[in-house]
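The values are calculated or read from the model by the stated rules, or taken from the named source; none is laboratory data. Because the structure is predicted, anything quoted here is derived from the model rather than measured. Glycine gets a Cβ as well: all are built from the backbone with ideal geometry, and neighbour counts include every protein chain shown.
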Amino acid sequence: MHAVRVEPALPTNIVLLRAVNVAGTGLVAMADLRATLAAEGFGRVRTLLQSGNLLLDTDAPADRALERRLEGILQDRLGLATTIFVRSLPEWQALIAENPFPAEAREDPSHLVVLAAAAPPQPDAVARLIGGYDGPERIIAGSRHLVVHYREGIGRSKLTNSRIEKVLGSPVTGRNWNTVLKLRDLAQA
């Protein structure tokens, strides 16, 4: 009888690509993303939708070094220049558990958006963002993200990603609450 060695599962990370397959820019096939990252040694590479939502397993920490590594791989192998945001599954689960807008998550999930930030939102920048804007949106900062309720819709809002990035001094990428939950569910599967 031979002993079977079972390798421990690698941690799952959620990977968000900024401005991919949006309005004809950053075009890339999800199959190409999966194949490229699997060839680079990442485990269980999965995608959700067509807009740059990935999950992959790796023992590398979900930090800026991993983000830079992924950015370099996609630039070198696919010619895709984009900002990448990596969050560990526990960090993603905490973000969901700490949602400051639970009623909106239930009643209006498509207008509740998590904006992952490349750098932690600094309190003074968040105060300027909130204080310098009088629109109907509500904004709460987390450790590496903002949660925004666009109660009158995202398309007509003057609280754009570029405005947020200018005040924060950091790139952001957004996912609505439905996608946030789908990413968690896929990561836990």
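Of all the criteria given as (1) closer than 16 Å to G174 by Cβ; (2) not in a helix (DSSP H, G or I), the one not satisfied by W92 is (2). Pairing residues of region 42-54 that are farther than 16 Å from K182 by Cβ with residues that are not in a strand (DSSP E or B), at Cβ distances under 7 Å and at least 6 apart in sequence or on separate chains, gives F42/T58; G43/L10; G43/T58; V45/R34; V45/L37; V45/A38.
Of all the strands (runs of 3 or more DSSP E) wholly in region 104-183, which have at least 2 residues that are out of contact with any Ser or Thr (no Cβ under 6 Å at 6 or more places or on another chain) and surrounded by fewer than 17 Cβ atoms within 10 Å (Cβ to Cβ)?
Numbers: elements: 112-117, 138-141, 145-149, 172-176.
Output list reads 138-141.
Pick from E40, E98: which is more than 17 Å from T173 (Cβ to Cβ) and in the same structural domain as I140 (by TED's automatic domain parsing)? Matching residue, one of E40, E98: E98.
Inside region 25-54, can you point out the residues that are in a helix (DSSP H, G or I) and either closer than 25 Å to A9 by Cβ or in contact with an Asp or Glu (Cβ under 7 Å, 6 or more places away or on another chain) (or both)?
Going through region 25-54, the residues in a helix (DSSP H, G or I) turn out to be 30-39.
Correct list: M30, A31, L33, R34, A35, T36, L37, A38, A39.
D57 - would you say it is touching a residue at least 12 places away in the same chain (Cβ under 8 Å) and either within 24 Å of P11 (Cα to Cα) or surrounded by fewer than 18 Cβ atoms within 10 Å (Cβ to Cβ) (or both)? Yes, satisfied. If you go through region 67-87 and keep only what is surrounded by fewer than 19 Cβ atoms within 10 Å (Cβ to Cβ) and either assigned by TED's automatic domain parsing to the domain that holds P121 or in a loop (DSSP other than H, G, I, E, B) (or both), you end up with G79, A81, T83.
Checked against (1) modelled with pLDDT of 95 or more; (2) in contact with a Pro (Cβ under 9 Å, 6 or more places away or on another chain); (3) in a loop (DSSP other than H, G, I, E, B), D59 passes all but a single condition, namely (1).
The listed residues are V126, V148, V114, and the only one of them that is touching a helix residue (DSSP H, G or I) at 6+ places or on another chain (Cβ under 7 Å) and either farther than 22 Å from A19 by Cα or aliphatic (A, V, I, L, M) (or both) turns out to be V114.
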